[in-house]
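Trainee: Handing you a structure now.
The values are calculated or read from the model by the stated rules, or taken from the named source; none is laboratory data. If you're wondering where the values come from, they're calculated on a predicted model, not measured in any experiment. Backbone-built Cβ (ideal geometry, glycine too); neighbour counts: all protein chains shown. Ligands, DNA and RNA are excluded from the accessible area calculation, which covers all protein heavy atoms including side chains. Shrake-Rupley method; radii C 1.70, N 1.55, O 1.52, S 1.80 Å.
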Amino acid sequence: MDRGPFDHIWIHAKLATFDPKVNAPCGLLEDYTLAVRGETIVAILPTDSPEVRAHRGAVTDCGGKFVTPGFIDCHTHLVWGGSRVADWESRLAGEPYTEIAKRGGGILSTVRATRAMTEDELQLAALPRLRALVAEGVTCVEIKSGYGLTLDDELKMLRVAKRVGEQLNVEVSPTLLAAHAVPPEFAGRADDYVSLIANEMIPTVAREQLAEAVDVFCESIAFAPVQCDRIFTAAKRHGLAIKGHVEQLTNSHGAELIARHGGWSADHLEFLDDAGVAAMAKTGTVAVLLPAAFYFLREKQKPPVEKLRAGGVPMAVASDLNPGTSPFASLRLAMNMACVLYGLTPEEALVGVTREAAKALGRASRLGTLEADKRADFLVWDVTHLAEIVCQLGVTPLAERIVRGKTHNA
Ligand code: DI6
Ligand code: FE
């Protein structure tokens with residue numbers, strides 16, 4: 001691409017590019033310059049190169065600070081109504097998540113509260129959650145529906161997802177998760193609800209461009225693989241991408257199903273077996289790890305991280321921000337937990353919220369690494385070591401947040 005002139009350059013940076021073509025940990029380039037025109041990174045150059053010296057436009061001197069791509073939280077349910085604190089107290093007193101779900105607590109209690117709220121009310125509730133993610137460097141976020149479970153209430157949630165993104169200048173990847181739970185009005189008629197999803201909800205969100213992907217909760221307490229298969233088939237027919245909550249509490253072979261459909265990602269994966277790993281490796285389906293839910297549910301079985309690594313399955317890390325199993329609006333906490341609880345390296349955690357998270361949202365060609373032609377979404381960090389971003393929580397050493405080439409500090 002034609003490089004100059006540049007609108008703005010960031011000089012004297014330690015660029016953690018996460019570009020696999022850069023042969024260094026984190027794709028690190030020391031004393032480099034990132035050049036931006038419009039919304040795009042147009043060049044990555046050594047700071048002492050002639051093009052940098054010739055530049056006459058805006059300059060930011062990073063003074064040796066680290067620069068990473070903007071963070072991508074590729075799995076959240078951040079639009080919801082009500083509170084699940086009572087569920088948490090029941091769990092602390094010994095009642096399992098699955099039992100709470102069966103007696104109509106859990107997801108269904110959030111459905112009742114979410115249905116009762118207007119779009120404006122839901123937006124007000126969701127904003128502080130997205131603001132918290134943004135304050136830690138998130139520039140792109142996936143947001144699921146799944147607490148409406150009627151056509152109108154799912155559309156309402158997806159419209160709120162779009163609105164909060166616009167309000168805070170964050171790119172949103174909206175996902176239809178109508179197959180989150182069987183709503184009470186369909187109790188005992190799960191197949192009829194699946195028909196509603198396949199025949200009405202999916203065509204409508206596709207037509208109105210309110211979602212780009214379809215998610216399912218493929219689990220003993222939710223939807224069976226054959227039902228998920230029907231939903232995925234409908235999603236594909238309408239040009240929507242596929243992903244799923246699979247192998248979280250039991251092994252239903254949902255990851256294999258997603259891989260067979262060429263899905264973007266299989267998420268959770270605590271009970272993933274060897275066949276699942278092999279299927280994902282073959283198709284390049286991203287493994288989205290959600291250690292905050294594992295922690296909060298006091299799960300015992302960890303996802304097979306070593307096997308995923310050995311198989312070359314891309315691993316992303318996400319917050320799973322939701323009221324029941326991961327009420328944590330912190331992607332950095334999820335990264336920290338991915339290291340401490342799942343044994344990822346800090347570099348893998350950082351790659352998991354940048355390059356691999358971009359893959360998990362079908363955005364690998366536009367986002368996730370610092371490379372020419374990618375969008376100029378990047379973060380300047382005031383740290384002495386990159387792993388500090390993952391290690392130390394409670395303070396956010398973010399010096400500058402650049403979105404589409406412009407500074408947008410939270
Ligand atoms: N798995 C999860 O971790 C969330 N949804 C899902 O299918 C939990 C959502 C909730 O409990 O509200
Ligand atoms: Fe989830």
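Trainee: Using θ = phi - 60° and the Karplus form 6.51 cos²θ - 1.76 cosθ + 1.60, what ³J(HN,Hα) does each residue of the stretch 65-81 get, whole Hz, x for Gly and Pro?
Mentor: 6, 7, 10, 10, x, x, 7, 10, 9, 8, 7, 9, 10, 7, 9, 7, x
Trainee: Right, something else. Rounded to the nearest 20 debye, what is the charge dipole size of the stretch 97-254 about its Cα centre when +1 sits on each Lys and Arg Cβ and -1 on each Asp and Glu Cβ?
Mentor: Around 40 debye, computed over the stretch 97-254.
Trainee: When the gyration tensor of the chain is built from Cα positions, what are the square roots of 5 times its three eigenvalues, in whole Å, from largest to smallest?
Mentor: Whole-Å semi-axes of the equivalent ellipsoid: 37, 22, 20.
Trainee: Another question about this same structure. May I ask which residue of S252, P346, G57 lies farthest towards the positive end of the charge dipole of the chain, with charges of +1 (Lys, Arg) and -1 (Asp, Glu) on Cβ and the Cα centre as origin?
Mentor: About the Cα centre, the residue reaching furthest to the positive side is G57.
Trainee: Separate question: For K300, list the aspartates and glutamates whose Cα falls under 19 Å from its own Cα; do not include residues on the same chain fewer than 8 positions away.
Mentor: Within the straight-line cut-off, K300 pairs with E95, E99, E219, E247, D267, E270, D273, D274, D320.
Trainee: Of L290, M335, A358, which is farthest on the positive side of the dipole of the stretch 71-360, counting Cα position, with +1 on Lys and Arg Cβ, -1 on Asp and Glu Cβ, and the Cα centre as origin?
Mentor: After comparing all options, I get A358.
Trainee: While we're here: Tell me what the chain gives for mean residue ellipticity at 222 nm when only DSSP H runs of n ≥ 4 count, each as -39,500 (n - 2.57), the sum divided by the residue total, rounded to 500 deg cm²/dmol.
Mentor: -10000 deg cm²/dmol
Trainee: Report, by chain and number, residues whose modeled amide H sits under 5 Å from the one on A241, excluding near sequence neighbours (fewer than 5 apart, same chain).
Mentor: A213, V214
Trainee: Taking the Cβ of S173 as the center, what net charge do the other residues with Cβ under 13 Å away carry, scoring Lys and Arg +1 and Asp and Glu -1?
Mentor: So the environment of S173 carries a net charge of +1.
Trainee: Another question, if that's okay. Looking only at the stretch 258-273, which residues have a backbone nitrogen under 13 Å from a spot 7 Å from the Cα of K236 in the C-beta direction?
Mentor: In the stretch 258-273, the label zone of K236 (backbone N under 13 Å from the point 7 Å along Cα→Cβ) covers 258-264.
Trainee: From Cα pairs below 8 angstrom and at least 6 apart in sequence, can you work out the relative contact order of the stretch 71-360, rounded to a whole percent?
Mentor: The value is 18 percent.
Trainee: Additional query: For the stretch 188-293, just run the numbers: alpha carbon Rg, then divide by 2.2 N^0.38 Å, N being how many residues it has.
Mentor: Expressed relative to 2.2 N^0.38 Å, the Cα Rg reads 1.03.
Trainee: List the trypsin sites (Lys or Arg not before Pro) within the stretch 4-64 that fall in a DSSP loop (any state other than H, G, I, E or B) and whose Cβ has at most 15 other Cβ atoms within 10 Å.
Mentor: Of the trypsin sites (Lys or Arg not before Pro), the ones in loops of the stretch 4-64 whose Cβ has at most 15 other Cβ atoms within 10 Å are K21, R56.
Trainee: Note the full-extension length gain between Q167 and D192 as 0.36 nm times their separation in residues minus their Cα-Cα distance, in nm to one decimal.
Mentor: 5.3 nm
Trainee: Once you've got the Cα coordinates, tell me which of K162/K243; K144/K359; K162/K236; K243/K406 are over 29 Å apart.
Mentor: K243/K406
Trainee: Could you check what % of the DSSP bridge pairs in the chain are antiparallel, to the nearest 5?
Mentor: 45 percent
Trainee: About the Cα centre, and with charges only on the beta carbon of Lys, Arg (+1) and Asp, Glu (-1), how big is the dipole of the stretch 71-360? Nearest 20 debye, please.
Mentor: Here the size comes out at about 140 debye.
Trainee: Here is a follow-up. Projected onto the charge dipole of the chain (+1 at Lys/Arg Cβ, -1 at Asp/Glu Cβ, origin at the Cα centre), which of S109, L122, G311 gives the Cα projection farthest towards the positive end?
Mentor: L122
Trainee: Now for a different question. If one takes the longest principal axis of the Cα atoms in the chain, at what angle in degrees, from 0 to 90 and to the nearest 10, does the Cα axis of helix 225-237 lie?
Mentor: With both axes taken from Cα atoms, the answer is about 50 degrees.
Trainee: Is there a quick way to get the dipole size of the stretch 184-254? I mean about its Cα centre, with the Cβ of Lys and Arg at +1 and of Asp and Glu at -1; what is the value in debye to the nearest 20?
Mentor: Around 220 debye, computed over the stretch 184-254.
Trainee: When ligands, DNA and RNA are left out and all protein chains stay put, how many square angstrom of accessible area per residue does the chain have with a 1.4 Å probe?
Mentor: Value for the chain: 38 Å² per residue.
Trainee: Moving on to the next point. Provide the solvent-accessible area of T150, counting protein heavy atoms only and rolling a 1.4 Å probe, rounded to the nearest 10 Å².
Mentor: 40 Å²
Trainee: May I pose another question? Please give the FRET efficiency for S49 paired with R112, using the beta carbon to beta carbon distance and R0 = 56 Å, rounded to the nearest 0.05.
Mentor: The pair S49/R112 has a calculated efficiency of 0.40.
Trainee: Now, a different point. Just to confirm my numbers, what's the Cα centroid distance between the stretch 302-321 and the stretch 396-410 in Å?
Mentor: So the separation of the two Cα centres works out to 28 Å.
Trainee: With a 1.4 Å probe and every protein chain kept in, tell me what percent of the accessible surface of the chain is carbon plus sulfur.
Mentor: Answer for the chain: carbon and sulfur cover 53 percent of the accessible area.
Trainee: Sticking with this structure for a sec: What angle do you read, to the nearest 10 degrees and between 0 and 90, between the alpha-carbon axis of helix 274-283 and the longest principal axis of the chain?
Mentor: 50 degrees
Trainee: How far apart, in nm, are the 7 Å Cα→Cβ label points at L341 and E119?
Mentor: 3.5 nm
Trainee: For the stretch 162-239 and the stretch 38-95, what is the centre-to-centre distance using only Cα atoms, to the nearest Å?
Mentor: 28 Å
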